Each structure stands twice: as C-alpha cells, then as structure tokens.
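Derivation of every value follows stated rules applied to the coordinates shown; laboratory data play no part. The shown structure was predicted, so the numbers you read here are calculated from the model rather than taken from an experiment. So basically every Cβ, Gly included, is an ideal-geometry build from the backbone, and we count neighbours across all protein chains shown.
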Amino acid sequence: MYRFLFALVFVMGGFLFCSPTFAQEGGFAGDLLLGQGVEWKFKAIGAGLAVIGAALGIGKIGGAACESIARQPEMASSVQSAGIIFAALIEGAAFAAILLCLVF
C-alpha cells in the first residue's frame, strides 16, 4: 500500500506542476506546445513529471511482483494478474496527467 501511495504522489505532482498553465489565456486547440511565452515549458515539466511518476510506480509494482513470486511461486498467476491491473491503472492516470498538461 505504501508503494502505491508513493507512486500516486508522483503522479499527483504532475497535476501540481500543470496548474500554472490553467491560469493562462485560452487559445485554439492546435496550440498545444506552441503557446506564447514560457507556457510550453510548464506543460513540458508537468508532462515529464507525470511520466517519471508513472515509471517509478510501475517499476515498484514490477519489483514487488517479482519478489512475491519468488517467495510464493504457487501464487504466481494471481500476483501477475494483480500487477498488470495496477500497472494499467497507473499508466491510465499518467496518460490523463499528460493530456491535462499538454491540452490545458
């Protein structure tokens, strides 16, 4: 549970660094990274932190799954299934964070 919360904090950090871009004036939808001033830098930082948080979270899930399979080989199928589901949830949150950073 601690590892999941640790990964969640990094993903939420991506949302935190996206917040300065929410106060900017709106443009048209094709203006994702070509905004005026330094707006695109904040977007890139937020998206990068979201990717780093997701990578750390998925890495911790994989490490924990390998460790638990090594301790109890008979539970390998259920541990593998749970690990894939948790990794997909973290990846979905990362994609949401990246989209929020780049679009808004």
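Using 0.36 nm times the number of residues separating Ile52 and Glu91, minus their current alpha carbon distance, what extension gain do you get? Mind dumping the intermediate values first?
Values: separation 39, 0.36 × 39 = 14.04 nm, distance 1.10 nm.
Contour length minus Cα-Cα distance gives 12.9 nm.
Approximating the spin labels as points 7 Å out from Cα along Cα→Cβ, the Ala76-to-Lys41 distance works out to 5.1 nm. Residue ranges 93-100, 65-72 sort as 93-100, 65-72 when ordered by packing (mean number of other C-beta atoms within 10 Å per residue, highest first).
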